[in-house]
Amino acid sequence: MFWDIDPVLFELGPLSIKWYGLLFATAFLLGTAIMTRIYRTEGKPEEDIGTLTMYMMVATVVGARLGHCLFYDPGYYLSHPLEILQVWKGGLASHGGAIGITIGILLYSRKRVNQPFLWLLDRIVIPASIGGSLIRFGNFFNSEIVGNPSNLPWAVTFARLDLVPRHPAQLYEATAYVIIFIVLGWVYKKNNFKPPPGKLTGLYLVLVFSVRILVELVKTQQEAFNVPFGLSVGQLLSIPAVIIGLVLLTKSNSYKWSV
């Protein structure tokens, strides 16, 4: 495939609407719709969805931006701290976003006894999966986070980067996250919409970050420094997430599994 799509969808005077921004916004709109249905199904107050969405939006952007700056090029950004605020220049890290979402949920749930932290986390991971897929499609439109050179039949030439056929690493992740979304939704339904605490979160962490570890094998290096053991920053950050996921799944085994 020869990919030469303009990342800007359209312009309105000085305002540019990019594919990435559209897909990012769609991720939150779709997530809000999914969480509204979950709240309705489980008898939770639907009027809380607006507040929850705001928590998630702020937590995602702040966490993802700080993650990019501190995980991938800390030397530069600590020397130029004001550039950390310049989100419009690009640079969001999914691991930072995951940490930000976790903190956001913790802060949100502290004020709502009927929506405990782990209960909420088990539900948020469902829309988070499809949201992650949409964001990776956004990376594809931006011709960023590309893979290593490849001669496979499905290799993509990102013309705005160079003329080298590459692994479409963004599409690998995007496709995997759609499948994970389907799996999580199926498990949620098979457990009569009341999965054992930690089950969905554990599945999410194991599946998503295992995919990330594998896809990193064909990604171009993003970090501005060498990482120990020949790993990438993405792999190094994904290993603890997989371990935490396995612990949560093990603990959820104290409940009866219906799948």
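The values are calculated or read from the model by the stated rules, or taken from the named source; none is laboratory data. Model, not experiment: these values are computed from the prediction. Glycine gets a Cβ as well: all are built from the backbone with ideal geometry, and neighbour counts include every protein chain shown. We work out accessible area using only protein heavy atoms, side chains counted, and drop any ligands, DNA or RNA first. Shrake-Rupley method; radii C 1.70, N 1.55, O 1.52, S 1.80 Å.
Below, the figures for the structure above:
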{"quantity": "Matching residues, the range 126-149, being touching a Lys or Arg at 6+ places or on another chain (Cβ under 6 Å) and either of a type in the set (Ser, Thr, Tyr) or open to solvent by less than 20 Å² (accessible area, probe 1.4 Å) (or both)", "calculated": "Ser143, Val146, Gly147"}
{"quantity": "Of residues in the range 1-24 being out of contact with any helix residue (DSSP H, G or I) (no Cβ under 9 Å at 6 or more places or on another chain) and either closer than 20 Å to Ala59 by Cβ or among the charged types (D, E, K, R) (or both), the one most open to solvent (accessible area, probe 1.4 Å)", "calculated": "Glu11"}
{"quantity": "Search result, residues across the range 206-243 that are assigned to a helix (DSSP H, G or I), open to solvent by 20 Å² or more (accessible area, probe 1.4 Å) and in contact (Cβ under 8 Å) with a residue 40 or more places away in the chain", "calculated": "Val206, Val218, Leu237"}
{"quantity": "Close pairs (6 angstrom Cβ cut-off, 6 or more residues apart or separate chains): more than 14 Å from Gly138 (Cα to Cα) in the range 1-30, assigned to a strand (DSSP E or B) anywhere", "calculated": "Met1/Val156; Phe2/Thr157; Phe10/Ile17; Ser16/Val8"}
{"quantity": "So Met35, is it open to solvent by less than 40 Å² (accessible area, probe 1.4 Å), hydrophobic (A, V, I, L, M, F, W, C) and either part of a helix (DSSP H, G or I) or over 27 Å from Gly90 (Cα atoms) (or both)", "calculated": "yes"}
{"quantity": "Test: residue in the range 180-189 that is free of Cβ contacts under 8 Å to residues at least 24 places away in the same chain, in a helix (DSSP H, G or I) and open to solvent by less than 30 Å² (accessible area, probe 1.4 Å)", "calculated": "no"}
{"quantity": "Condition met for Lys199 (open to solvent by less than 20 Å² (accessible area, probe 1.4 Å), of a type in the set (D, E, K, R) and modelled with pLDDT of 95 or more)", "calculated": "yes"}
{"quantity": "In the range 35-88, the residues that are acidic (Asp, Glu), touching a residue at least 60 places away in the same chain (Cβ under 8 Å) and more than 24 Å from Tyr108 (Cα to Cα)", "calculated": "Asp73"}
{"quantity": "Residue in the range 45-66 that is on the phi > 0 side of the Ramachandran plot and in contact with a helix residue (DSSP H, G or I) (Cβ under 6 Å, 6 or more places away or on another chain) present", "calculated": "no"}
{"quantity": "Failed item in (1) open to solvent by less than 30 Å² (accessible area, probe 1.4 Å); (2) at pLDDT below 95, with Arg123 passing the rest", "calculated": "(2)"}
{"quantity": "Flag if Leu152 is over 21 Å from the mean Cα position of the chain (by Cα) and either of a type in the set (A, V, I, L, M) or at pLDDT 95 or above (or both)", "calculated": "yes"}
{"quantity": "Count of the range 68-117 residues which are within 19 Å of the chain's Cα centre (by Cα) and of a type in the set (Ser, Thr, Tyr)", "calculated": "3"}
{"quantity": "Residue under evaluation Tyr177, criteria (1) crowded, with 19+ Cβ neighbours inside 10 Å; (2) over 21 Å from Ile135 (Cβ atoms), criterion not met", "calculated": "(2)"}
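Per-residue answers, yes or no, for (1) closer than 30 Å to Ala33 by Cα; (2) open to solvent by 50 Å² or more (accessible area, probe 1.4 Å); (3) not polar (S, T, N, Q):
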position: Glu47; (1), (2), (3): yes, yes, yes
position: Gly50; (1), (2), (3): yes, no, yes
position: Tyr55; (1), (2), (3): yes, yes, yes
position: Val58; (1), (2), (3): yes, yes, yes
position: Gly63; (1), (2), (3): yes, no, yes
position: Leu66; (1), (2), (3): yes, yes, yes
position: Pro74; (1), (2), (3): no, no, yes
position: Pro81; (1), (2), (3): no, yes, yes
position: Leu85; (1), (2), (3): yes, yes, yes
